[in-house]
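One structure below.
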Amino acid sequence: MSEIKTNEVYTTEEARQILKISPSTIKRLLKSGLIRANKIGGQYRILGHELLRLLSPDVDKKATDVYQKIKISTINKVKDW
């Protein structure tokens, strides 16, 4: 299996293969809201961030915390430009 990229957009088929689940399970996860997705042209698109959140909430939280620190630091540095 290849690495899940946070900002990559996956189809339901790709997500299903990554998670190694059946088509009915991916549908159930989407309908219940356990996986957040956007519907584009009648098909769901899922961000890699969502897959990581589902598979490993601790890793996702750490990545989100690091992102927020960098974001705040960048905002503080450029606000006086």
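Assorted remarks:
- Any chance I46 is closer than 21 Å to K5 by Cα, of a type in the set (A, V, I, L, M) and within 11 Å of the chain's Cα centre (by Cα): yes
- The sole residue among L34, L19, L30, L51 that is in contact (Cβ under 8 Å) with a residue 40 or more places away in the chain and either buried (at least 16 other Cβ atoms within 10 Å of the Cβ) or not small (G, A, S) (or both) is L51.
- Odd one out for E8, checked against (1) touching a helix residue (DSSP H, G or I) at 6+ places or on another chain (Cβ under 6 Å); (2) at positive phi: (2)
- Test for K39: is it over 12 Å from the mean Cα position of the chain (by Cα), exposed (fewer than 14 other Cβ atoms within 10 Å of the Cβ) and assigned to a helix (DSSP H, G or I): no
- Meets criteria (in contact with a helix residue (DSSP H, G or I) (Cβ under 7 Å, 6 or more places away or on another chain), charged (D, E, K, R) and surrounded by 14 or more Cβ atoms within 10 Å (Cβ to Cβ)) for R45: no
- Candidate set: the stretch 53-81, residues that are under 30 Å from L29 (Cβ atoms) and among the basic types (K, R); chosen: the one modelled with the highest pLDDT: K71
- Screening I21 against (1) within 22 Å of V66 (Cβ to Cβ); (2) not in a helix (DSSP H, G or I) leaves a single unmet condition, (1).
The values are calculated or read from the model by the stated rules, or taken from the named source; none is laboratory data. Since we're looking at a predicted model, the values are computed, not measured. Glycine gets a Cβ as well: all are built from the backbone with ideal geometry, and neighbour counts include every protein chain shown.
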